[in-house]
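Working notes, structure below.
Read the figures in this text as sums done on the coordinates, not as results from a lab. Because the structure is a prediction, the values reported are computed rather than measured. Virtual Cβ from ideal backbone geometry, glycine too; neighbours counted across all protein chains shown.
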Amino acid sequence: MSWLIPVLIAVMIYACICYAIIKYNILPNTFSFMGPCLMIKTTRTGIFDKLSRWKSLLIAYGNLGVILTVICGVVVTILFVFTAFMSLVIETEPIAPQNLLLIPGINDYVPSTFAVWFALIFAMVIHEFGHGILSRVEKIKVKSAGILALVIPIGAFVEPDEEEIAKSSLGAKLRMFAAGITNNLVVGAICILALILLLGCVVPGTSPYVYGVYEGYPADEAGVLLGTVIFALDNTSVSSLADISAFLATTKPNQTITLHGEYRGTPQTYDVTLTSIPPDLSCSVLMPESGARFIGVSFSEPSVLVNALHTQMYPSSLLGAAGSLMTFVALPFSSIAGSEALSFLIVDTPDPAILAAPFAGFWEIIHILYWCAWINILLGIFNALPLGPFDGGQMLRESLRSWFIRRGKDERTAFSICRSISYVLVLLIVLPLIMPYLL
């Protein structure tokens, strides 16, 4: 709850700003409100005209976007149906309320870093630019564009002319609604490609390092730090897991050995008294075979980390690609997904002795690319849901409306169907959130 006081202060400041804008009618053409949300907008939208000159190419891009949106909408809907069903038969841990919102620093899994904030704002702007550009391609006027804020920026928006939208063809409407999703997915894919190319330049170190420290065992009691690079055990140099195994094979329980290494460039020396391997760990720890000698750590090599990266970046099959995408999406939740080893992609800077960067600022670029990819892809996928005000929901509504009108039927039936689908989807989304409390 350390975030509560700063949030309360920010809410008070936001409320004071909103009160002043309303009371003194400050810049009415720039500031307006949508419920509690402050809209900061401009009517200077000529940039969309400049970016919409390649009409034939952009129409083809829009058609591709419609196909991608339909596929994403169907897949995500099926995923929510499956998740809701599983929540009825499998007991899970409840999700903390703050983790339901993608607010950096408040969500436990989304850190408040420059990379995250940049990616969040960038994804929203990219999304709305898609709508604005395709609106002009389809000859729909864009009345305004801007930022939507509720204490913090929570969205960007463009405001197409509703009368001109109503007069447009179904294809034009679908391309315009799908454009934001398409932009997010394409930018996300480009960021992933850039990540793959840059990570191929990482140079692995040549010495083993401490991958895990087991609480309450000798290394933990000696203060061995996670990520310590090991150069020698006693006076014996080690450069691989095999060297560590060979050394430990010559030791015995209760013998004290000295670990020599470094942690982020600082020399480290630890005196560790060996013990026997606990029976419950003997078959599960990630460590070299060492008979009955146990330090209380699991070791790894930088090459293993690089191989794990290559496995994720270059899957050998379609199923492997799906698994890589799931790992990519789950990385911020590494503490519960078992992928802590790749956490340097999202926030950490690895020890150069483990993974050496090819140039200064490399890991900062990696973090920005990762979060840009992650947020753009998730924003695009979830906006494809056939749910109420989402882009996918508006596409479904316009498609059904057009279908009923062509057959001389009441278009209000289309609205009723869309409303029912939205209610069902909301139930599917909420069910996994409330079932842990009910079970």
Summing Lys, Arg as +1 and Asp, Glu as -1, what charge do residues with Cβ under 11 Å from the Cβ of G205 carry, G205 excluded? -3
Across the Cα atoms of the range 50-145, what radius of gyration and what greatest pairwise Cα-Cα distance (Dmax) are found, in Å? 18.9, 54
Dimensionless Rg over Rh [the range 85-242; C-alpha; Kirkwood]: 1.19
Highest mean first, how do 246-254, 89-97 rank when packing is the count of other Cβ atoms within 10 Å averaged over residues? 246-254, 89-97
Per residue Cα convex hull volume for the range 139-232, in cubic angstrom? 217
What percent of all Cα-Cα pairs in the chain falls in each 10 Å bin, counting up from 0? 4, 16, 23, 23, 16, 9, 6, 2, 0
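At 0.36 nm per residue, minus the direct Cα-Cα distance, what do N25 and L226 gain on full extension? Give it in nm, one decimal, please. Please report the intermediate quantities before stating the final value.
On the way: separation 201, 0.36 × 201 = 72.36 nm, distance 5.67 nm.
Stretched fully, the N25-L226 segment lengthens by 66.7 nm.
Could you check how many percent of all C-alpha pairs in the range 1-119 are farther apart than 26 Å?
Numbers: 4085 of 7021 pairs.
Summing the P(r) of the range 1-119 above 26 Å gives 58 percent of all pairs.
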Excluding residues fewer than 8 positions from K167 in its own chain, the lysines with Cα under 30 Å of it are K41, K50, K55, K139, K141, K143, K409
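Grab the other residues whose beta carbon is less than 13 angstrom from that of A222, score K and R as +1, D and E as -1, and report the net. Present the calculation step by step, with values, prior to reporting the outcome.
Working: positive: none; negative: E215, D220, E221, D271.
The answer is -4.
Return the Rg/Rh ratio of the range 387-439 with Cα-based radii and a Kirkwood Rh.
Ratio value, two decimals: 1.19.
How would you rank 24-33, 44-53, 367-376, 306-315, highest first, on the average number of other Cβ atoms within 10 Å across their residues?
Ranked by mean Cβ neighbours within 10 Å, highest first: 367-376, 306-315, 44-53, 24-33.
Hey, what did the chain get for relative contact order, percent, Cα under 8 Å, at least 6 apart?
Details: 656 pairs, mean separation 86.3, N = 439.
Here the relative contact order equals 20 percent.
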As a test of the definition: which semi-axes, in Å, follow for the range 47-103 when you take the square root of five times each eigenvalue of its alpha carbon gyration tensor? Largest first, please. 39, 18, 4
With Rg and the Kirkwood Rh both taken from Cα atoms, where does Rg over Rh land for the range 333-439? 1.24
